[in-house]
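The block underneath contains the structure these notes are about, expressed in structure tokens.
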Amino acid sequence: MSSESDPRHKRPQTFSDITRREVLLTLGGVAAAVGAGAATWGGLELMVRSRQTVERWNKAVCRFCGTGCGVMIGMKEGRVVDVRGDELAHNKGVLCIKGSMLPELTRIGGRLTSPKIRRRGKLVDASWDEAMGLVAAKFAESIHQSGPDSVAFYGSGQLLTEESYTANKLFKAGIRTNNVDGNPRLCMASAATGYISTYGKDEPPGCYADADYAHFFFLIGANSYECHQPIFERIRQRKRANPDTLIVCVDPRRTKTAEHSDIHLPVIPGTDLLLLNAMAFVIFDQGLQNQSFIDRHVRFSDGEHDADQAAFRRFLQSYAPEKVEQELGVSATDIRRVAYLFATSPATMSLWTMGINQRTQGTSLNNMINTLHLVTGQIGRPGATPFSLTGQPNACGGVRDTGALSHALPGGRVVANPQHRREMEQIWKVPEGTISDKVGFDAVNLFRAMEDGRVKAALIMCTNPGATLPAAARYQAAMENCFTVVSDVVEDSETQRHAQVVLPAALWIEKEGVTGQGERRYQLTPKLLTPPGQARSDLEMLVDLAERLGHGKLITARTPRAVWDEWREVSSHSLYNFKGITYDRLEKERGLQWPCPTEDHPGTARRYVEGDDPFVTKGAGIEFYGNHDKKAVVYLRPYTPSPEKTSMEYPLYLTTGRVLEQFHTGTLTDRIAELHEATGDAMFDLNPEDARRLGVQTGDRIEVKSKYGSVTGEARTTEASRLGVIFAAFYDWKLLVNRAVADNYDVTSKEPEFKVTAVSVSKVMA
Amino acid sequence: MNLELRQIVMLLGTLTCLLGVILSIRTARTRFDRIETSGQDVNMGITRLPALAFAKLVAFAALIALPAGAVFIANYHTFEGVHEVRGCASCHVMLPMVNDMRDPNSGTLAARHYKNRWIAEDQCYHCHSDYGLAGNLEAKMTGFRHLARYTSRTYHEPIEARVRFDNKNCLNCHAGTPRFEAVQSHKTAHERLVSNQMICLNCHGQAHPTSAQRTPGSNDYARLMEKMK
């Protein structure tokens, strides 16, 4: 049989020749190929997906400093397994080592899980009812016997906004005392008084994003490499992208920030108002001022009366660089160079923090930095702004904005102003005259009032004043003299040791609420975990106390969302207006900057600037609307030496600060193994020349003594310390350097001068 | 003539395919049942093969050996080819990464490494070194999944990485250098970095444009999607 006659070998000529079998075979083949492909793909999809270690990512905010970095929290089976920087937040995904260790924060040991009452000298477990019953009884007794000003609230820049707002309302409109203050007084009070006196309103005009546009960075009294690392990283990124960018660091120590700066001016502690005034002198002397900006936007004042530019220039005559260089410790050449660069750069951004704020001349220093920007017109443009960095995650939003300070009321109002009191009484729907016209006790004076019995009962929340106040031993004793109640997240702190009642508080993502960081940005932290044991949010404790003290009808908002809604409604009656920042928006968006009056408003990056700020009059360009004449004020601020001038008896300057791995008094960060390992015990840093003269070597124990107290600790010699300057970080409770820190404060801001204490140093013989 | 390995491989692959096609046609036209009857040996130069054996050998080469070779060469070419930046840029979803990397004004990690010549060539591959021929199987699977998604247009922008970036890619170059070792945080986080529990980006910022920038309709999208010159 030939192949031609075999139908199996016959090639199909037309479609009709194709057999049904061949069609099915072909279709089967195609189906098999498609099936195999789909199976492979499906298999790949499944296999690749299975590598995920996180079930769900939640948007939140870092617990630690005032940078307020956006974080993404990776959860699995109810545990935090990962934390990443949120690339969509203002920090563009950048955190520091503390933020990166946040998963461990949710597992720290030594959490306080039960209320405790001191019985026969010991703190013993009690029920919430017992503890809160005792607190309410003691508060009521004190109010009844000695009046409302015998009780006080001492809060924190780490409480949530809803908590600080509620405490402020309870004490000022319920109990009727203005004794509401907190640790922000120790941290940014001078920045606040500086802004208010210059612009009429608190909070920075600029934003972090200005760092992306600045050509000249003027960092003074800020070790941001360690204290606000994501911001310093942003500055460095700006410099990496534009190598012509210059960074100047003014700091008595050669800090990490100074190491990474182009110019370091190691001023003598307590003298830098001389530098700022000398820079202003050079600016006018060399004709570097922006006269048209001054003419349009600036008013001069000597603090009491209006002045003029000629008076300002006359005032500056005594601050010529050559006249101040000796006392300042920086050469006239360097002063002139920096002043020139500051004035002539396309965009200058100043950043400062505790080195400026924690000073007896803190307000003047803040005024003067703002002045340098105003007289050179280095403000209101991208990259050109004065910017005070803040230390805590919610000092700005929670405390400054809500007015939870002894002199303040919400939205930039002050208790001394009858109209402001009346406005708040109307908004809070309380009878006229409810809010006391008496300014309450600021932080230091509150503890002094506890010391001498004027304040008999105090509620301390989310802070550790036993370790953070200057002359710490004095104020630890003061707490003993008062019925002190402390809400805290961990067992045992310098404050708890002197407390009568201790209340266990929820930490970070164990409660929901809003925090406002350094650039007027409100961000929401969700509740993702259950607090351990009986721990509660501070808001729940405040609501409970209000109810027990008979103010339940005043404190009607009792959930974070309800309090926030009340507070944003209150804000709409002020120039802080953020009525448009709802929880719904905060859940979706990466924080919003106020002013933000409506729900369709994008928020305000640059304040006082037309197009950004909704309150600027159309056509005005820049308008400092916080003051009645819509002008910013330039003050004539004379330099006065710190009361802690060195002497024969106390020949060295002690200054204190933070280190990168630790936050505040270390109650949280020092419980994280890696962070504890990284820093070890705090030591005294001495310049090798000073050490040699004192016969001290690294590892020796030294006694550092001031008029206020003495501290013994280990010495370490380092070139980072300027000659004549000794430094210790304040995170370590074992060293507790604040025992030696001077008990002086700025008369305007009432902020203590942690940065300048005259001390003597001697080697301790073993 | 100065041929690169890549070009030689490409030439070899093309020749293999051509030869495969020719031999396949030849095989298709071969009547195996007739060869037996004609039965002439074929001179192979070094040996003589019976005609049927030769035809079977040709069929083997055409249907099995050459296709397998072509697949191998194609894979080799793909894996080696994607070492090059332009290999990555040939998929348009990768354009934002490549455009941003070459933007001197960008501050992303990729752009800084590129601009400062920290990596001389094959910049993408240096930091994503698990996808080459010598890379791991997971990266291969991921790569094929990308290919399937891309060619079938079943992806959505902005694309998101599914697998965790391996810190080894960073540590390979940085660990042990004086600048790296001088940073205290690297010691603090050493274990976590090595075990990939903590990502390097937490402190060093974005590697590439954010997902918001890569979302169609965003302010940066058009600029990031510009065709490569």
Can you give me the accessible area per residue for the stretch B:91-224, using a 1.4 Å probe, in Å²?
54
Taking 0.36 nm per intervening residue step and subtracting the Cα-Cα distance, what contour gain separates B:Ser195 from B:Asn43 on full extension?
48.5 nm
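Estimate the FRET efficiency between B:Arg31 and B:Ala68 by the formula 1/(1 + (r/R0)^6), using the beta-carbon distance for r and 41 Å for R0, to the nearest 0.05. Spell out each step's value before the answer.
Numbers: r = 26 Å, r/R0 = 0.63.
Taking R0 as 41 Å, the efficiency between B:Arg31 and B:Ala68 is 0.95.
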So, with points 7 Å from each Cα along the Cβ direction, the B:Arg86-B:Glu157 label distance in nm works out to 2.2
Other protein chain Cβ atoms within 10 Å, averaged over every residue that makes up A:232-243:
3
Integer Hz, Karplus 6.51/-1.76/1.60 couplings in order for the stretch A:158-164, x for Gly and Pro:
10, 6, 6, 4, 4, 6, 5
Rounded to whole Hz and in sequence order, give me ³J(HN,Hα) for the stretch A:95-103 from the Karplus expression 6.51 cos²θ - 1.76 cosθ + 1.60, θ = phi - 60°, writing x for Gly and Pro.
10, 10, 5, 5, x, 5, 8, 3, x
Percent of accessible area on chain A owned by carbon and sulfur, 1.4 Å probe?
51
For the protein assembly as shown, size of Cβ-based charge dipole, Lys and Arg +1, Asp and Glu -1, in debye
1860
Chain B, Gaussian network, Cα under 10 Å: of B:Tyr76, B:Tyr155, B:Tyr125, the residue fluctuating most is B:Tyr155
With r as the distance between the Cβ atoms of A:Val124 and A:Arg240 and R0 = 51 Å, compute the FRET efficiency 1/(1 + (r/R0)^6) and round to 0.05.
0.35
At 7 Å along Cα-to-Cβ for each site, give me the label-to-label distance between A:Glu689 and A:His573 in nm.
6.0
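Is the stretch A:35-155 rounded, prolate or oblate when judged by the Cα gyration tensor, a ≥ b ≥ c being the square roots of its eigenvalues, rounded requiring a/c under 1.5 and prolate requiring a/b larger than b/c?
Values: a/c = 3.88, a/b = 2.54, b/c = 1.53.
The shape class here is prolate.
Looking at the stretch A:514-602, which trypsin sites (Lys or Arg not before Pro) are DSSP coil and have at most 13 other C-beta atoms within 10 Å of their C-beta? Present the calculation step by step, with values, prior to reporting the outcome.
Numbers: sites: A:Arg520, A:Arg521, A:Lys527, A:Arg536, A:Arg548, A:Lys553, A:Arg558, A:Arg561, A:Arg568, A:Lys579, A:Arg585, A:Lys588, A:Arg590; in loops: A:Arg520, A:Lys527, A:Lys553, A:Arg558, A:Lys579, A:Arg590.
Sparse-neighbourhood loop trypsin sites (Lys or Arg not before Pro): A:Lys553.
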Of all the accessible heavy-atom surface of the stretch B:91-224, with the other protein chains kept in place and a 1.4 Å probe, what percent is carbon and sulfur?
58
Pairwise label distance in nanometres, B:Arg117 with A:Thr718, each label 7 Å out on the Cα-Cβ vector
3.6
Let's test the formula: R0 of 41 Å, r as the Cβ-Cβ distance of A:Ile18 and B:Glu4. What FRET efficiency results, to the nearest 0.05?
0.30
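Quick one: putting +1 on the C-beta of Lys and Arg, -1 on the C-beta of Asp and Glu, what dipole do you get for the stretch B:5-79 around its Cα centre, in Debye to the nearest 20?
Values: 7 positive and 3 negative charges, 22 e Å.
It comes to approximately 100 debye.
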Residues with amide H under 5 Å of A:Thr757's amide H, sequence separation 5 or more or different chain, H placed in the peptide plane at 1.01 Å from N; which?
A:Leu654
Positive end of the dipole of chain A, charges at C-beta (+1 Lys, Arg; -1 Asp, Glu), about the Cα centre: which of A:Val415, A:Pro266, A:Ala395 has its Cα farthest in that direction?
A:Ala395
Please sort by residue number the GluC sites (Glu not before Pro) in the stretch A:548-596 whose DSSP state is loop and whose Cβ has at most 12 other Cβ atoms within 10 Å.
none
Using the heavy atoms of the protein chains and a 1.4 angstrom probe, tell me the accessible area per residue for the stretch A:642-766 in square angstrom.
41
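State which entries of A:Lys92/B:Lys168; A:Lys169/A:Lys511; A:Lys579/A:Lys630; A:Lys122/A:Lys456; A:Lys116/A:Lys256; A:Lys201/A:Lys256 exceed 31 angstrom in Cα-Cα distance in the structure shown.
As for pairs spanning more than 31 Å Cα to Cα, those are A:Lys116/A:Lys256; A:Lys201/A:Lys256.
Mind running the shape call on the protein assembly as shown? Use the C-alpha gyration tensor, a ≥ b ≥ c as the square roots of the eigenvalues: rounded below 1.5 for a/c, prolate if a/b tops b/c, oblate otherwise. Kindly include the intermediate steps, with their values, before the conclusion.
Numbers: a/c = 2.28, a/b = 1.97, b/c = 1.16.
It is prolate, given that a/c is not under 1.5 and a/b is the larger ratio.
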Selection from A:Val759, B:Gly69, A:Ile581, by position along the positive dipole direction of the protein assembly as shown (Cβ)
B:Gly69
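Is the shape of the stretch A:224-357 rounded, prolate or oblate, going by the alpha carbon gyration tensor and its root eigenvalues a ≥ b ≥ c, with a/c under 1.5 for rounded and a/b larger than b/c for prolate?
prolate
Considering only protein heavy atoms, what per residue accessible area in square angstrom results for the stretch A:412-485 with a 1.4 angstrom probe?
Working: 2660 Å² over 74 residues.
Value for the stretch A:412-485: 36 Å² per residue.
At 1.4 Å probe size, put B:Cys124, A:Cys396 in order of accessible surface, largest to smallest.
Numbers: B:Cys124 25, A:Cys396 5 Å².
Correct descending sequence by accessible area is B:Cys124, A:Cys396.
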Set Lys and Arg Cβ to +1 and Asp and Glu Cβ to -1, take the dipole of chain A about its Cα centre, and tell me which of A:Leu276, A:Gln326, A:Thr193 lies farthest positive.
A:Thr193
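Mean separation of Cα pairs under 8 Å and 6+ residues apart, divided by the residue count of chain A: what relative contact order is that in percent?
Details: 1724 pairs, mean separation 135.0, N = 766.
Once normalised by length, the contact order is 18 percent.
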Size of the dipole of the stretch B:91-224 about the Cα centre, Lys and Arg at +1 and Asp and Glu at -1 on the beta carbon, nothing else charged, in debye to 20?
80
Calculate how steeply helix A:560-571 sits against the longest principal axis of the alpha-carbon atoms of chain A, using the helix alpha-carbon long axis, and give the answer as 0 to 90 degrees to the nearest 10.
60
Run through the stretch A:680-730 and list the GluC sites (Glu not before Pro) located in a DSSP loop whose Cβ has at most 15 other Cβ atoms within 10 Å.
A:Glu719
Return the Rg/Rh value of chain B, two decimal places, where both radii are evaluated on C-alpha atoms and Rh is the Kirkwood radius.
1.16
Karplus-derived 3J(HN,Hα), 6.51/-1.76/1.60, for each residue of the stretch A:212-226, Hz, glycine and proline x
6, 10, 5, 10, 9, 9, 10, 9, 10, x, 9, 9, 6, 4, 9
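Buried accessible area between A and B (1.4 Å probe, both chains summed, ligands and nucleic acids excluded), in Å² to the nearest 100? Walk me through the numbers on the way to the answer.
On the way: alone 29500 and 15830 Å², together 42070 Å².
Accessible area lost upon association: around 3300 Å².
The values are calculated or read from the model by the stated rules, or taken from the named source; none is laboratory data. Small disclaimer: the values here were computed from a predicted structure and weren't measured. For neighbour counting, all protein chains shown are included, and Cβ atoms are generated from backbone atoms with ideal geometry for every residue, glycine included. Ligands, DNA and RNA are excluded from the accessible area calculation, which covers all protein heavy atoms including side chains. Shrake-Rupley method; radii C 1.70, N 1.55, O 1.52, S 1.80 Å.
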